[in-house]
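Below you'll find the structure, written out as structure tokens, and then a few comments.
The values are calculated or read from the model by the stated rules, or taken from the named source; none is laboratory data. Since we're looking at a predicted model, the values are computed, not measured. Don't worry about glycine lacking a Cβ; one is built from the backbone with ideal geometry, like all the others, and counts go over all protein chains shown.
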There are 2 protein chains.
Amino acid sequence: MAVTLKDIARAAGVNASTASRCLSGFQGVNEGTRQRVMQVAAEMNYRLNRVARGLVTGRSHTLALLISDIRNPYFAEVARGAEDAAHASGCDLILCNSDFDGDKQMNYLRSLSEKRVDGILMNSVASLRREQLKQLIDLRIPIVLLNKPPVRTEFSTVLADNHEGGRLAGSYLAQLGHRTIAHFTGPKHHGNLTERLRGFSAALNSARVPPPLVFHGQNSFSGGYQLARRILADHTGITAIFAGNDAMAFGVGLAARELKIPIPERISLIGFDDVDLSQIVNPPLTTIQTPKYEIGQAAVETLLRHVRAGGSQPAEQRILSVKLVIRESCAPLAAKLTAARQADVGGMHED
Amino acid sequence: MAVTLKDIARAAGVNASTASRCLSGFQGVNEGTRQRVMQVAAEMNYRLNRVARGLVTGRSHTLALLISDIRNPYFAEVARGAEDAAHASGCDLILCNSDFDGDKQMNYLRSLSEKRVDGILMNSVASLRREQLKQLIDLRIPIVLLNKPPVRTEFSTVLADNHEGGRLAGSYLAQLGHRTIAHFTGPKHHGNLTERLRGFSAALNSARVPPPLVFHGQNSFSGGYQLARRILADHTGITAIFAGNDAMAFGVGLAARELKIPIPERISLIGFDDVDLSQIVNPPLTTIQTPKYEIGQAAVETLLRHVRAGGSQPAEQRILSVKLVIRESCAPLAAKLTAARQADVGGMHED
DNA sequence: CTGAAAGCGCTAACAG
DNA sequence: CTGTTAGCGCTTTCAG
């Protein structure tokens, strides 16, 4: 069997509790005994059993990240920020993909709570209603939300300023002269996406542009693709599309290519997130930049604060700012040719 | 405090061990008592403590995935396959990013072993030498490798047929008439990348094409970018580049755009992996398709087989096949103009 | 500064 | 089919 604390205690000629104190870096042990214990432990190739420790301390030093799909580069970025922050605080991070499936999400949550993870980071599914919220609270685990739930909650949230991002996108398209504008987005009641649309509509409205035609689908690469394939054939009047996120925008881009609809000459396209690859797709995507890595990082920090406070920490809403990144996928409505030439001259825009 | 097994046992009027049997879905309990226990558990909102269970059973039902960076879409895909497979078997997956840092990797491994994860999936850092291998073995944890270590090992591996992929890339470029070919790749001694180069060189050699100029850097988006910025200015004779993976190829693409080097008109570019976005970058990337999701999935299955066998399972090497996907980033050397015109139909190019 | 004792919450023989 | 009895490997009072 594996060598235990008792084994090394015996070998070092001390009591298990003393050995424990040494290995936990506890203050108040004789430097001599300490060194001896450490050495014996090293010699015997001792591996502390953290699950045993967790049983008594009640801390697992494990967090979880519950998202829809890690293949979405947005979440990969968030995940990396979260993992770095977790690791910096001595925690591991469990990755869970819920695919926007409410049941799957609930199963994960139950399972995670049984494993006594210290806290959970999640972008909740669309329909996080009162009843579900109650279940979450019953879990008695600190949770930080990465999107805004439809109802006021007890949970802390950290997210990008989605409303402002939508507003930036809307006023930019309006300013370019577009009037027949579509918005391709994900499921309804998705906190972040909903806010984006709100801000977008508000901007169009205040610029006296007709409200956008809104189409719901999957907020993913293939979701955007499918939506575009279905919509672009019928609605030939559309001159600009605001995609709910970059992944969808990429899907729209692929569909447009297949349909021989040039971007931005015939349709302007703007995304949301500013994923790494936005700058090299064809054409480089104009989009709203969100602090993805920082969101993951900040969310973990908030979460850990809750964990350490043990429930006595008041919820906080943290909103990180966004900005418009202009590349080459949008063009003025009136002067298409000029725009095309200009974009060419500009080459690429660093941000 | 939280309600424990004892609590619900008492409330249901049975012994803790009986309650345990009910909740573990153990056969051989009276259906009546079983129902009663389950109901009481539900009423009292009982949450099984899996860390306590783990302490006695020795199984944590947690696996770990140790990769260089989840932001690499290749790994995101692998991770998703792994997570799905793990979840299907009732396991959670811890995500670790090592950034190709040997020390960081070793720290993760130690920490994971202390947490008593059931098994680890990893793409080892470049330098997995004998001494390090010994340390891994001392961990006494089932490990499945996602790349081929430089020395023969006791570990199972599951990976793409990198050699064949390199060969496909090489013979394709040779067939297009290229003779001055560069290979941009990651650190030396990286199992998979090394194989790719081997296959590539073999193909060039058997086509009587001079061996490739090999440049090592970071095998990432920015790594490819930096390499291209540094190399393309000086080596004007290069007509084709084989990038170690798609991420690098994207970086090369960005650099080429900045340097006003048209792809594929002046330089042909081929990648490796066939990441989702390869089809929509500018221009769509010709690349080698690898079964990423399946690798993650198969690796977890192999890993779990080892876990269940408890060390008595012989190591197995599993190699999944690859194929060449021809898009628009490569052109024949002799007929550049034709190629340029063709590519133009697809979308827009800088020039 | 160190030892002894008492669990953390659960499962696993072993009886009954 | 169910209860009793021991722990799993560690931390943590509480004495000394």
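Give the number of residues within segment A:203-239 that are of a type in the set (Ser, Thr, Tyr), within 26 Å of residue A:99 (Cα to Cα) and crowded, with 18+ Cβ neighbours inside 10 Å.
Our first condition is that a residue be of a type in the set (Ser, Thr, Tyr); within segment A:203-239, this holds for A:206, A:220, A:222, A:225, A:236, A:239.
Pick out the ones that are also within 26 Å of residue A:99 (Cα to Cα) and you get A:220, A:222, A:225.
Going one step further and asking which of them are crowded, with 18+ Cβ neighbours inside 10 Å, we end up with A:220, A:225.
Residues in segment A:203-239 being of a type in the set (Ser, Thr, Tyr), within 26 Å of residue A:99 (Cα to Cα) and crowded, with 18+ Cβ neighbours inside 10 Å: 2 in total.
Conditions tested, residue by residue: (1) over 13 Å from the mean Cα position of the chain (by Cα); (2) surrounded by fewer than 24 Cβ atoms within 10 Å (Cβ to Cβ).
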{"site": "A:50", "(1), (2)": "yes, yes"}
{"site": "A:55", "(1), (2)": "yes, yes"}
{"site": "A:64", "(1), (2)": "no, no"}
{"site": "A:81", "(1), (2)": "no, yes"}
{"site": "A:86", "(1), (2)": "yes, no"}
{"site": "A:99", "(1), (2)": "yes, yes"}
{"site": "A:103", "(1), (2)": "yes, yes"}
{"site": "A:107", "(1), (2)": "yes, yes"}
{"site": "A:131", "(1), (2)": "yes, yes"}
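Out of B:220, B:206, B:268, which single residue is hydroxyl-bearing (Ser, Thr, Tyr) and in contact with a Ser or Thr (Cβ under 7 Å, 6 or more places away or on another chain)? First the steps, then the outcome.
Details: B:220 fails: in contact with a Ser or Thr (Cβ under 7 Å, 6 or more places away or on another chain); B:206 fails: in contact with a Ser or Thr (Cβ under 7 Å, 6 or more places away or on another chain).
Selected residue: B:268, the only one of B:220, B:206, B:268 that is hydroxyl-bearing (Ser, Thr, Tyr) and in contact with a Ser or Thr (Cβ under 7 Å, 6 or more places away or on another chain).
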Q | Residue under evaluation residue B:59, criteria (1) closer than 25 Å to residue B:159 by Cα; (2) charged (D, E, K, R); (3) surrounded by fewer than 23 Cβ atoms within 10 Å (Cβ to Cβ), criterion not met | A | (1)
Q. Does residue B:160 satisfy the criteria of being under 26 Å from residue B:213 (Cβ atoms), modelled with pLDDT of 95 or more and under 14 Å from the mean Cα position of the chain (by Cα)?
A. yes
Q) Which of the residues belonging to segment A:183-202 are buried (at least 23 other Cβ atoms within 10 Å of the Cβ) and either more than 20 Å from the chain's Cα centre (by Cα) or among the charged types (D, E, K, R) (or both)? A) A:183, A:196, A:200
Q. Which one of these does residue B:73 not meet: (1) under 17 Å from residue A:97 (Cβ atoms); (2) modelled with pLDDT of 95 or more?
A. (2)
(Q) Any residue at all in segment A:34-56 that's without any contact (Cβ under 8 Å) to a residue 12 or more places away in the chain, touching a Lys or Arg at 6+ places or on another chain (Cβ under 6 Å) and within 14 Å of DNA strand C (Cβ to nearest atom)? (A) yes
(Q) For segment A:209-225, give me each residue that is at pLDDT 90 or above and touching a helix residue (DSSP H, G or I) at 6+ places or on another chain (Cβ under 8 Å). (A) A:209, A:210, A:211, A:212, A:214, A:215, A:217, A:218, A:223, A:224, A:225
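Quick check, is residue A:163 surrounded by fewer than 22 Cβ atoms within 10 Å (Cβ to Cβ), free of Cβ contacts under 8 Å to residues at least 60 places away in the same chain and within 17 Å of residue B:71 (Cβ to Cβ)? Even if it seems obvious, please write down each step before you answer.
Details: surrounded by fewer than 22 Cβ atoms within 10 Å (Cβ to Cβ): yes; free of Cβ contacts under 8 Å to residues at least 60 places away in the same chain: yes; within 17 Å of residue B:71 (Cβ to Cβ): no.
The answer is no for residue A:163.
Do any helices (runs of 4 or more DSSP H) lying entirely in segment A:43-155 carry at least 2 residues that are more than 16 Å from DNA strand D (Cβ to nearest atom), and which ones are they?
On the way: elements: A:50-57, A:73-88, A:102-114, A:130-138.
The helices (runs of 4 or more DSSP H) meeting that bar are A:73-88, A:102-114, A:130-138.
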**Q.** Selection within segment A:323-351 - assigned to a loop (DSSP other than H, G, I, E, B), at pLDDT 50 or above and under 21 Å from residue A:253 (Cβ atoms)
**A.** A:326, A:327, A:328, A:329, A:330, A:331, A:332, A:333
Q. Hey, residue A:16 hits all of (1) in contact with a Lys or Arg (Cβ under 7 Å, 6 or more places away or on another chain); (2) away from DNA strand C (no atom under 13 Å from the Cβ); (3) of a type in the set (A, V, I, L, M) but one; which does it fall short on?
A. (2)
Q.
Quick test of your reading of the structure: residue B:86 fulfils all but one of (1) touching a Leu at 6+ places or on another chain (Cβ under 6 Å); (2) within 11 Å of DNA strand C (Cβ to nearest atom); (3) not acidic (Asp, Glu). Name the failing condition by number.
A. (2)
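Do the conditions hold for residue A:285, that is, is it within 14 Å of chain B (Cβ to nearest Cβ), under 30 Å from residue A:262 (Cα atoms) and of a type in the set (A, V, I, L, M, F, W, C)?
Working: within 14 Å of chain B (Cβ to nearest Cβ): yes; under 30 Å from residue A:262 (Cα atoms): yes; of a type in the set (A, V, I, L, M, F, W, C): yes.
It is true that residue A:285 is within 14 Å of chain B (Cβ to nearest Cβ), under 30 Å from residue A:262 (Cα atoms) and of a type in the set (A, V, I, L, M, F, W, C).
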Q) Within segment A:66-83, restricting attention to residues that are in contact with a Gly (Cβ under 8 Å, 6 or more places away or on another chain) and more than 7 Å from every other protein chain (Cβ to nearest Cβ), which residue is farthest from residue A:305 (Cα to Cα)? A) A:78
Q.
Would you confirm, using the coordinates I've provided, whether residue A:94 is facing another protein chain (nearest Cβ under 8 Å) and among the β-branched types (Val, Ile, Thr)?
A. yes
Q. Is there a residue being facing chain B (nearest Cβ under 10 Å), within 20 Å of residue A:161 (Cα to Cα) and not in a helix (DSSP H, G or I) anywhere in segment A:257-274?
A. no
Q.
So the check is Cβ under 6 Å with 6+ separation or different chains; which pairs have a first residue in segment B:2-26 that's outside any helix (DSSP H, G or I) and a second one that's more than 9 Å from DNA strand D (Cβ to nearest atom)?
A. B:3/B:44; B:3/B:46
